[in-house]
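Chemist: My questions all concern the structure below.
What follows draws every value from the coordinates through simple rules; no lab data is involved. All values reported here derive from a predicted model rather than from experimental measurement. Here the Cβ positions follow ideal geometry from the backbone for every residue, glycine too, while neighbour counts run over all protein chains shown.
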Amino acid sequence: MKVVINTCFGGFNLSAKALKRYQDLKGEKCYFTRFSKKIVPIEEVQGKYFEAFSDEKLTKYISYTNFDRSDPLLVQVVEELGEEAGGPGAELKIVDVNFNVNDLIHDYDGKESIEGYY
């Protein structure tokens, strides 16, 4: 099974580009704001913290930090985007494991590892 982990201090999160691609793969919309009630183009949020929503009224918030790390769509996004998949303070890596990893991800100040794998 392939899973996604963050390999640097700071914490797991997705870039706006990665989150948009993930939502596209799910067949859902993705709207961005820079902590206001105004929708902004994806280019304005690249490399910055942002809020994402799945509706134009900005009421259905999308978390860009809470994901099933073995979600095939998430793995696909990280494979496609490489270094561009991680948001601010994140460096995402795909790790191949032979067990259910979501309960075995170790986090130390945002830097994640899977014992025996990375």
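Chemist: Please report, in debye to the nearest 20, how large the charge dipole of segment 1-42 is about its Cα centre when each Lys and Arg carries +1 at its beta carbon and each Asp and Glu carries -1 there. Don't jump to the answer; show the numbers that get you there.
Modeler: Details: 9 positive and 2 negative charges, 34 e Å.
The calculation lands at about 160 debye.
Chemist: OK, next. Could you pull out the pairs from Lys17/Lys111; Lys38/Lys60; Lys29/Lys111 whose alpha carbons sit more than 20 Å apart here? Intermediate results must be reported in sequence, preceding the final value.
Modeler: On the way: Lys17/Lys111 22 Å; Lys38/Lys60 14 Å; Lys29/Lys111 30 Å.
Beyond 20 Å: Lys17/Lys111; Lys29/Lys111.
Chemist: Then there is this: Compute, for the chain, the length of the dipole vector about the Cα centre, with Cβ point charges of +1 (Lys, Arg) and -1 (Asp, Glu) only. Units Debye, rounded to 20.
Modeler: I would put it at about 540 debye.
Chemist: Then there's this: Where Rh denotes the Kirkwood radius from the mean inverse Cα pair distance, what is Rg over Rh for the chain?
Modeler: A ratio of 0.98.
Chemist: I want to make sure I understand the PRE zone here: with the label point 7 angstrom from the Cα of Ile39 toward its beta carbon, which residues in segment 53-94 have backbone N atoms less than 20 Å away?
Modeler: Hits in segment 53-94 for Ile39 at 20 Å: 53-64.
Chemist: Roughly speaking, what is the stretch gain from Phe9 to Glu28, that is 0.36 nm per residue apart minus the C-alpha to C-alpha distance, in nm to one decimal? Can you show the working numbers first?
Modeler: On the way: separation 19, 0.36 × 19 = 6.84 nm, distance 3.06 nm.
Length gained, Phe9 through Glu28: 3.8 nm.
Chemist: Loop only per DSSP, at most 11 neighbouring Cβ atoms within 10 Å: give me the chymotrypsin sites (Phe, Trp or Tyr not before Pro) in segment 19-86, ordered by residue number.
Modeler: Phe35
Chemist: Taking only C-alpha pairs under 8 Å that are 6+ residues apart, what is the relative contact order of the chain in percent?
Modeler: On the way: 235 pairs, mean separation 50.1, N = 118.
Reported as a whole number, the value is 42 percent.
Chemist: Compute the angle between helix 16-26 and the longest alpha-carbon principal axis of the chain, please, reported from 0 to 90 degrees and rounded to the nearest 10.
Modeler: 90 degrees
Chemist: Related question: Step through the residues of segment 67-82 one at a time and calculate ³J(HN,Hα) from phi using the Karplus curve (6.51 cos²θ - 1.76 cosθ + 1.60, θ = phi - 60°), rounding each to whole Hz and writing x for Gly and Pro.
Modeler: 9, 6, 5, 9, 4, x, 5, 5, 4, 4, 4, 5, 5, 5, 9, x
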